[in-house]
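Below is one structure, written out as structure tokens, with a few remarks after it.
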Amino acid sequence: MGFAENMRLLPHRTMRSLLISLSQRRSLARLAVGSPLTRPVVARFVAGESLEEALPAIAALKRAGLRTTVDVLGESVTSPEHAAAAVDRYLATIAALSERGLDPNVSVKLTQMGLEIGRDLCRANVMRIMEAVRGVNGFVRFDMEDHTRTDATLEVWRAAHDAYPGVGVVIQSALRRSSADVDAIIAVGGRVRLCKGAYDEPATVAYRTKTAVDANYARLMERLLLADAHPALATHDPKLIVKAIRIAEREGIGPDRFEFQMLYGVRRDLQRALLARGYAVRIYVPFGQEWYPYFMRRLAERPANVGFMLRAVVKEEARRLRGR
Ligand code: FDA
């Protein structure tokens, strides 16, 4: 039996935990990023390694009628210099989007802004991004990382929201605490992107079955829609999408009062189908050289992607050997 078959036989949960744990290995990141073998598979999920490569992809989505939010890839930064360089990359991105008439809407991970170095540094860094976005009438959303960062992310978000209403945050239905967090955000008029959660969380803080995570998503989604909180419903799950549409139709909530969000390269058919039915769909477009952890989380979400990647790598390697 080959490696790919062995991987397929692992239970979904084990495979997911394994891939998430590999996503945090810096040595593997260096290996993967330096290898040309992974490029074609990574390109499905990442719009390019540079801003110049990503801009045409963002423009093409706009031409197709899709909205976008851009993620300059990077996370878990450990030096103030690296955090400052990440801010500069965001500022250049915001300026380029605005100059080209593209949506100046960005998604930011706070550990890339120095959250693990210090909250003051992180706050000062996100302020620079928020000022740039304010200048071009854009929008910033703070992504949510694993549960050890939830309190800190929400604290920085709250300070940012008090200073500037054009900032949103992400809530994960996998976390047991999210019901209380959603209520608190609704109470202050905040903007929520609701997702299931991409991290491997312990049972003490998270629901561990798909049924429980989905049921919580449905509850939180309904609460956000009924509160008229203009939620961003980030999922590719057709059952939850149908549920959202039913709630909106039943309650007379127009398509201008919420939006669907999906990841670049995932369920393009569904993206187009929702658009054709008159719904707003925003695509999360990541770009940059630090794609490894993001890419591994995409593999973890759908273990079939691993087989797909291994086949592509073997094909590429065979082509290289033939050419020698
Ligand atoms: P689910 O995992 O049940 O998948 C439903 C269907 O979608 C699958 O059957 C498959 O067809 C398709 N699908 C899903 N993922 C796929 C993949 N990787 N490759 C191919 N097909 C796939 N998470 C987080 O923790 N913090 C965050 O800030 C964000 N931000 C974010 C923004 C946006 C716009 C999206 C869409 C998602 C996120 N996420 C996130 C990720 C999110 O938590 C979750 O891991 C993924 O969206 C997958 O969950 P689904 O809701 O799609 O359901």
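The values are calculated or read from the model by the stated rules, or taken from the named source; none is laboratory data. It should be emphasised that the depicted structure is a prediction, and the values quoted were computed from it without experimental measurement. Heads up, the Cβs are rebuilt from the backbone with ideal geometry, glycines too, and the neighbour counts pull from every protein chain shown. To get the accessible areas, we keep the full protein, side chains included, count just its heavy atoms, and leave off ligands, DNA and RNA. Shrake-Rupley method; radii C 1.70, N 1.55, O 1.52, S 1.80 Å.
Summary of values
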{"item": "Any hit, region 213-226, residues being within 11 Å of the ligand (Cβ to nearest atom) and not in a helix (DSSP H, G or I)", "result": "no"}
{"item": "Hey, Ala160 away from the ligand (no atom under 15 Å from the Cβ) and assigned to a helix (DSSP H, G or I) or not", "result": "yes"}
{"item": "Where Ser23 falls short, out of the listed (1) in contact with a Lys or Arg (Cβ under 8 Å, 6 or more places away or on another chain); (2) open to solvent by 20 Å² or more (accessible area, probe 1.4 Å); (3) within 16 Å of the ligand (Cβ to nearest atom)", "result": "(2)"}
{"item": "Residue satisfying all of: in region 234-268; more than 7 Å from the ligand (Cβ to nearest atom) and in a strand (DSSP E or B); least open to solvent (accessible area, probe 1.4 Å) among these", "result": "Phe260"}
{"item": "Residues located in region 72-88, provided they are open to solvent by less than 10 Å² (accessible area, probe 1.4 Å) and either more than 23 Å from Tyr284 (Cα to Cα) or touching an Asp or Glu at 6+ places or on another chain (Cβ under 6 Å) (or both)", "result": "Leu73, Gly74"}
{"item": "Single residue of Ala174, Ala163 found to be over 19 Å from Ala280 (Cβ atoms) and open to solvent by 20 Å² or more (accessible area, probe 1.4 Å)", "result": "Ala163"}
{"item": "Residue satisfying all of: in region 134-151; in contact with a helix residue (DSSP H, G or I) (Cβ under 7 Å, 6 or more places away or on another chain), open to solvent by 10 Å² or more (accessible area, probe 1.4 Å) and farther than 13 Å from Thr69 by Cβ; nearest to the ligand (Cβ to nearest atom) among these", "result": "Met144"}
{"item": "Among residues of region 177-192, those that are open to solvent by 50 Å² or more (accessible area, probe 1.4 Å) and in a strand (DSSP E or B), counted", "result": "1"}
{"item": "Ile117 being outside any helix (DSSP H, G or I), of a type in the set (A, V, I, L, M, F, W, C), under 28 Å from Glu49 (Cα atoms) and modelled with pLDDT of 95 or more", "result": "yes"}
{"item": "Test: residue in region 284-292 that is in the same structural domain as Pro56 (by TED's automatic domain parsing), open to solvent by less than 30 Å² (accessible area, probe 1.4 Å) and closer than 19 Å to Pro238 by Cα", "result": "yes"}
{"item": "Residues of region 269-307 classified as within 10 Å of the ligand (Cβ to nearest atom), of a type in the set (Lys, Arg) and part of a helix (DSSP H, G or I), total", "result": "2"}
{"item": "Selection count, region 97-131, where residues are hydrophobic (A, V, I, L, M, F, W, C), within 21 Å of the chain's Cα centre (by Cα) and open to solvent by 10 Å² or more (accessible area, probe 1.4 Å)", "result": "3"}
